[in-house]
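The values are calculated or read from the model by the stated rules, or taken from the named source; none is laboratory data. The model shown is predicted, which means the values in this text are computed figures rather than measured ones. Every residue, glycine among them, receives a Cβ derived from its backbone with ideal geometry; neighbour counts consider all protein chains shown. Accessible surface is based on the protein model in full, side chains and every heavy atom, while ligands, DNA and RNA are left aside. Shrake-Rupley method; radii C 1.70, N 1.55, O 1.52, S 1.80 Å.
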Amino acid sequence: MAAPIRVPRFVTGGVAALALAAALHVGFRPVGSVPPLGQLLDPVHGAWSIARAAELPREEQVPLERLGAPVEVRYDDRGVPHIFAESDIDAFRALGWVHARDRLFQMELTQRSVAGTLAELVGARALPLDRAARARGLDAAAEARWAALPPGDTSRVIITAYMEGVNDFVRTLDDAHLPVEYRLLGKRPRVFQPQDTYYLLGAMALTLSSQDDELSRGAVEALVGVEATDALFPVDAPIQEPIEPVAGRTAPRFAAVRIPAPTVPGPREIAKARRFLEARDQLAASFPVASRADASLTRGDAVVGSNNWAVAPSRSANGRALLSGDPHLQLTLPSIWYEVHLVVAGGIDLYGVSLPLSPIVPIGFNRDVAWTATNTTADVMDFYRETVDDSLAPTRYLVDGAWRPVEVRTTEYRGSSGRVIATDTLRRTHRGPLRQSTLGWLSMRWTSLEASDEAGAFRRAIRATSAAEWYRAMETYRAPAQNFLVADRGGHIGIRSTGRYPVRPGDGLGNRIFDGASSASDWTGDWPLERYPQALDPAQGYLASANQQPLDPAVRPGYLGWDWPTPWRAIRINEILRADAGMTPEKMRLAQVDPRSALTEHVRGAVLAAATAWIVADTAAAGHADVSAATAFLEAWDGSFDPESRGAVLYDALLAELTRRTWDEFMVPEESRRVATPSGAMLVRLLADRTSAWWDDRSTADILEDRDAILVTSLREAWTTTRSRRGNDPQAWRWGNQRRANIQHLLQLPGFGRESITVQSGPGTLSPNDGRGTHGASWRFVVELGDAIQAWGTYPGGQSGNPVSSRYADRIVLWQKGELSPLRLPRTPAELSERALTSTLTFTPEP
């Protein structure tokens, strides 16, 4: 559930090129804001001196200001710091220092990406990104949330102590220990502020709750009609395997679906579609709108898919509750996560993955309770078309016939030299940020820009001793909405989709742009806690979430969102758990990398039936040999997406070809871009209608294709295309050559990432991958909650942010194999054996 740092390639061009171009051509001359190469190559103070600071010293003692009592930090053989302190304040102060030593540049990049000050660090190329960041308003929201904490508030005290620990490290940082990124940029770290933690939470919100597809939807309606759009991008998923269990249900529910024929757009509709797309692209530079010329409308077949599930003692082999967490996010080096263990005498004993720049441990466990999360993908953002007094520089906007003042402020952007390089005028209505587009002036309301208490909620939850207590502690949590899964030593399991869910006026839907001239368009309230999707100790003995629609509308209606992610992962998890009443930690681990997809047989079965009938009906038809060979090859495939699979190569090409041919109506006429692609669930439902107008290929005006014609043509084209690209011998094809993970450095520096990593992944599996491999399982762990807690976990990277450290990428091989390491859980420093101990760091109160 953490947020990757969004740094576009144009920001990193000069930096990434430095490693090669500077070495070959620049010599000792300064280049813009980049320091002379001679300084970088200085063996004492230059970039290569990072090797001297790469490894942890065997023993180290550091004085810290304001420390109440000594703190001992013991690093185990996986690089995990076990922090032993006498008070919470001292523990989190030490965590700040520890985070800074391993992840300082990552922490600064996170803050600047939200604050809109990247240009001050990397130069004017980052100005577009800075402008977008400030237009979103997450920086102002972070400042407001921090200011709302009263003096003496426990969260305020802990965050302040944490950031003081960060700055204690920065204050004593010498050139020999300066992270390499700063050296390449010729910069020193900034002084961190307590409110920076809320900037990090803003980065999380940007990744996890910025659903904004009303603009794309407008273009879709123009091209295929309102009725078809409603059917293909529905409020309710056509296949239901909800997060909140339905009593007595033992299989997914397939809803009856009618998909109206598409309309044929004329010049007016095509022009309208282009206006919506242009507005979407314009707002992509400010509001959190992703410009997706070739992607699905929203999250339907998203490749970023988190999973979690828990098993009650009644369905585990040893009679203990089990929990599995598998959040999928952007893959980066250093990793999004930092593993940590904090032990306070007579207080917390907390293990989990933390977010550098924050004392929060959003996923983890204590001695009684374990918790994890997946994204709810709820609709928590709306757009309003405002009526303004001036189309170029509005100062007022109309609501219910009366003019209201637009909040206007000017903001300055500075470059790496410190001088002002640009200014912007930012505007807000009572709803939120206001921006101009081809659709007029649009304001945005977003729960992540409004009051919330994530830090306080997590601070209370880490002390819980039961699942019920954990959920009570999280009642003030608002954004981003998450499916929090919990298990405890008492054998209880629970799930609750926790967050703020706005109530809209009228029909209650949020899948359109609202009329800002009427206050009747505004939110009228929020869902009460008791209405949240939730379950505690269900009769079925297990719980699971995979970003699917949380509630089955046939059982519990209510608008939470639209165009939900496909249910294939949720269905597969439920299949595994329903079939096995003796789950073990090892089975939980294996499920995390399960190589099968619930989508596969729907598509393969339909294609094989159509192809077999075609082969028999017309033995002399063109392409008969190719279709026959492809049919036999596809039929022989066992449906597994393991790296050695050959059939998966053909199936993947078939699915892509079938998707392209089926949804050709979403191509903008005379352009090569696709406005939207309905989800795989809609494709499966369409397969039931052989003569639907959607099967007709508009490029063949003299032929009316039906379902079977498209299926056979797609199979033939997939076969010939794959042979052309992968070789004529299908026995030499290898799925692992197509689906690889690419873990890039935060600045995409050459040589600092780990790329082309073969992984077990496939469309609709629990570990999806679109081929680019830049997203995936960011942390996998399993917890067994018995008399003593046992846990296993790993993530794709390492604890250190130093590229030459042995702790930089040491976990990738284990992660690639789908294996997990036992997590060490000492209660005292002495319980961490000398064999497992790699470094001891002692903090002492500064005299």
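Only one of the numbered conditions (1) in a helix (DSSP H, G or I); (2) touching a Lys or Arg at 6+ places or on another chain (Cβ under 8 Å); (3) over 30 Å from D281 (Cβ atoms) is not met by A632, and that is (2).
Checking each residue in the stretch 381-398 for being among the hydrophobic types (A, V, I, L, M, F, W, C), within 15 Å of L439 (Cα to Cα) and open to solvent by 10 Å² or more (accessible area, probe 1.4 Å) picks out V388, L392. For the stretch 808-847, a residue qualifies if it is under 30 Å from D642 (Cα atoms), part of a loop (DSSP other than H, G, I, E, B) and either free of Cβ contacts under 8 Å to residues at least 40 places away in the same chain or under 24 Å from the mean Cα position of the chain (by Cα) (or both), and the qualifying residues are Y808, A809, D810, R811, G818, E819, L820. When the stretch 218-239 is limited to residues that are surrounded by fewer than 24 Cβ atoms within 10 Å (Cβ to Cβ), not in a loop (DSSP other than H, G, I, E, B) and not β-branched (V, I, T), the one that is farthest from the chain's Cα centre (by Cα) turns out to be E227.
Selection over the stretch 42-85 of residues that are open to solvent by less than 30 Å² (accessible area, probe 1.4 Å), at pLDDT below 95 and either touching a Pro at 6+ places or on another chain (Cβ under 8 Å) or not small (G, A, S) (or both) gives a count of 2.
A Cβ distance below 7 Å, combined with a sequence gap of six or more or placement on separate chains, defines the contacts here; from the stretch 717-729, residues that are farther than 13 Å from D652 by Cα reach residues that are of a type in the set (D, E) and not in a loop (DSSP other than H, G, I, E, B) in the pairs T720/D626. In this structure, is A535 open to solvent by 10 Å² or more (accessible area, probe 1.4 Å), small (G, A, S) and within 30 Å of V503 (Cα to Cα)? Yes.
Annotation for the stretch 493-504: no member residue is surrounded by fewer than 18 Cβ atoms within 10 Å (Cβ to Cβ), touching an Asp or Glu at 6+ places or on another chain (Cβ under 8 Å) and touching a residue at least 60 places away in the same chain (Cβ under 8 Å). Among the numbered conditions (1) out of contact with any Ser or Thr (no Cβ under 6 Å at 6 or more places or on another chain); (2) free of Cβ contacts under 8 Å to residues at least 40 places away in the same chain; (3) surrounded by 20 or more Cβ atoms within 10 Å (Cβ to Cβ); (4) not hydroxyl-bearing (S, T, Y), the only one that M474 does not meet is (1). Checked against (1) over 30 Å from the mean Cα position of the chain (by Cα); (2) in contact (Cβ under 8 Å) with a residue 60 or more places away in the chain; (3) surrounded by fewer than 20 Cβ atoms within 10 Å (Cβ to Cβ), V668 meets all criteria but (1). Taken over the stretch 83-102, the criterion of being over 27 Å from E181 (Cα atoms) and not aliphatic (A, V, I, L, M) is satisfied by F84, E86, S87, D88, D90. The set of residues from the stretch 760-788 being outside any strand (DSSP E or B) and open to solvent by less than 20 Å² (accessible area, probe 1.4 Å) comprises S761, G762, G764, T765, L766, S767, P768, N769, G773, S778, W779, G786.
Scan the stretch 675-702 for residues that are open to solvent by 30 Å² or more (accessible area, probe 1.4 Å) and part of a loop (DSSP other than H, G, I, E, B) and report the count. So that I can check it myself, show each step before the final result.
Step one: filter the stretch 675-702 for residues open to solvent by 30 Å² or more (accessible area, probe 1.4 Å), giving 685, 688-691, 693, 696, 698-702.
Filter once more, keeping what is part of a loop (DSSP other than H, G, I, E, B): 688-691, 696, 698-702.
Summing the residues that are open to solvent by 30 Å² or more (accessible area, probe 1.4 Å) and part of a loop (DSSP other than H, G, I, E, B) in the stretch 675-702 gives 10.
Restricting attention to the stretch 627-639, does a residue exist that is touching a strand residue (DSSP E or B) at 6+ places or on another chain (Cβ under 8 Å), closer than 30 Å to G818 by Cα and open to solvent by less than 40 Å² (accessible area, probe 1.4 Å)? Looking through the stretch 627-639, none of the residues is touching a strand residue (DSSP E or B) at 6+ places or on another chain (Cβ under 8 Å), closer than 30 Å to G818 by Cα and open to solvent by less than 40 Å² (accessible area, probe 1.4 Å).
Per-residue answers, yes or no, for (1) buried (at least 16 other Cβ atoms within 10 Å of the Cβ); (2) in contact (Cβ under 8 Å) with a residue 12 or more places away in the chain; (3) not in a loop (DSSP other than H, G, I, E, B):
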position	(1), (2), (3)
E530	no, no, yes
Q548	yes, yes, no
G558	no, yes, no
R572	yes, yes, yes
L577	yes, yes, yes
S597	yes, yes, no
E601	no, yes, yes
A611	yes, yes, yes
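Against the list (1) under 30 Å from S645 (Cα atoms); (2) open to solvent by 10 Å² or more (accessible area, probe 1.4 Å); (3) not aliphatic (A, V, I, L, M); (4) not in a helix (DSSP H, G or I), the condition R589 fails is (4).
Looking at the stretch 454-470 only, could you name the residues that are touching a residue at least 60 places away in the same chain (Cβ under 8 Å) and open to solvent by less than 40 Å² (accessible area, probe 1.4 Å)? Hits for the stretch 454-470 are E454, A455, G456, F458, A461, I462, A464, S466, A467, W470. A count restricted to the stretch 789-804 and to residues that are open to solvent by 10 Å² or more (accessible area, probe 1.4 Å) and in a loop (DSSP other than H, G, I, E, B) stands at 4. Only strands (runs of 3 or more DSSP E) whose full extent lies in the stretch 342-411 are considered here, and the ones with at least 1 residues that are in contact with a helix residue (DSSP H, G or I) (Cβ under 9 Å, 6 or more places away or on another chain), of a type outside the set (A, V, I, L, M, F, W, C) and on the phi < 0 side of the Ramachandran plot are 349-354, 369-375, 381-386.
Residues that are touching a residue at least 40 places away in the same chain (Cβ under 8 Å), out of contact with any Ser or Thr (no Cβ under 9 Å at 6 or more places or on another chain) and more than 22 Å from L746 (Cβ to Cβ) within the stretch 771-798 comprise L785, G786, D787, I789, Q790, A791, listed in sequence order.
Using the structure shown, decide if L121 is over 30 Å from A830 (Cα atoms), open to solvent by less than 20 Å² (accessible area, probe 1.4 Å) and either among the hydroxyl-bearing types (S, T, Y) or in contact (Cβ under 8 Å) with a residue 12 or more places away in the chain (or both). Criteria met by L121. Here the stretch 731-756 is the region considered, the condition is being open to solvent by less than 20 Å² (accessible area, probe 1.4 Å) and outside any loop (DSSP other than H, G, I, E, B), and the residue that is farthest from G623 (Cα to Cα) is H745.
A quick yes/no check of all residues on (1) in contact with a helix residue (DSSP H, G or I) (Cβ under 7 Å, 6 or more places away or on another chain); (2) farther than 22 Å from A205 by Cα; (3) open to solvent by less than 10 Å² (accessible area, probe 1.4 Å); (4) in a helix (DSSP H, G or I):
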| position | (1), (2), (3), (4) |
| --- | --- |
| L95 | yes, yes, yes, yes |
| A100 | yes, yes, yes, yes |
| M107 | yes, no, yes, yes |
| T110 | yes, no, yes, yes |
| L129 | yes, no, no, yes |
| R134 | no, no, no, yes |
| D139 | yes, no, no, yes |
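Scanning the stretch 412-437 for residues that are farther than 19 Å from L118 by Cβ, among the β-branched types (V, I, T) and either open to solvent by 50 Å² or more (accessible area, probe 1.4 Å) or not in a loop (DSSP other than H, G, I, E, B) (or both) yields a total of 1.
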